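S.K.: Just passing along the structure, written as C-alpha cells.
The values are calculated or read from the model by the stated rules, or taken from the named source; none is laboratory data. The model shown is predicted, which means the values in this text are computed figures rather than measured ones. So basically every Cβ, Gly included, is an ideal-geometry build from the backbone, and we count neighbours across all protein chains shown.
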Amino acid sequence: RAVSEVGAVIVVGGNIDHLTRVMTTTIALETSKGELELALALGVVLMGKALLINAVGLRLKTAAQARAYV
C-alpha cells in the first residue's frame, strides 16, 4: 500500500525538490540512493509528527467528552 501511495504522489506532484516533494517520497528516494541514515532520520521525524498529531487529537476528544458529560 505504501508503495502505491508514494507512486501516486510522485506522479501527481512531480517530485520536484523543494517545491512538491513530500517526506514519504524523500524517504523512498534517499533509501534508493543508499542514504539510509537520512531516510531513517526522516522516518523518525515523520513518526514523531504522526504521534504528536494523534496525541493532540486524543486530548481534544477526551476534553470534549468531559465537557459533554458535565
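S.K.: Just one of VAL56, VAL6, VAL70 is among the hydrophobic types (A, V, I, L, M, F, W, C), assigned to a helix (DSSP H, G or I) and modelled with pLDDT under 90; which is it?
M.R.: Selected residue: VAL6, the only one of VAL56, VAL6, VAL70 that is among the hydrophobic types (A, V, I, L, M, F, W, C), assigned to a helix (DSSP H, G or I) and modelled with pLDDT under 90.
S.K.: Quick one: in the range 17-32, which of the residues that are aliphatic (A, V, I, L, M) and closer than 18 Å to GLU5 by Cβ is surrounded by the most Cβ atoms within 10 Å (Cβ to Cβ)?
M.R.: ILE27
S.K.: So, one more: Mind listing whichever residues of the range 33-44 are surrounded by fewer than 12 Cβ atoms within 10 Å (Cβ to Cβ) and not acidic (Asp, Glu)?
M.R.: LYS33, GLY34, LEU36, VAL44
Rundown of residues vs (1) more than 17 Å from ASP17 (Cβ to Cβ); (2) of a type outside the set (Gly, Ala, Ser), yes/no style:
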| site | (1), (2) |
| --- | --- |
| SER32 | no, no |
| GLY43 | yes, no |
| LYS49 | yes, yes |
| ASN54 | yes, yes |
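S.K.: Moving to a separate point now. Can we say ILE53 is touching a Leu at 6+ places or on another chain (Cβ under 6 Å) and surrounded by 10 or more Cβ atoms within 10 Å (Cβ to Cβ)?
M.R.: no
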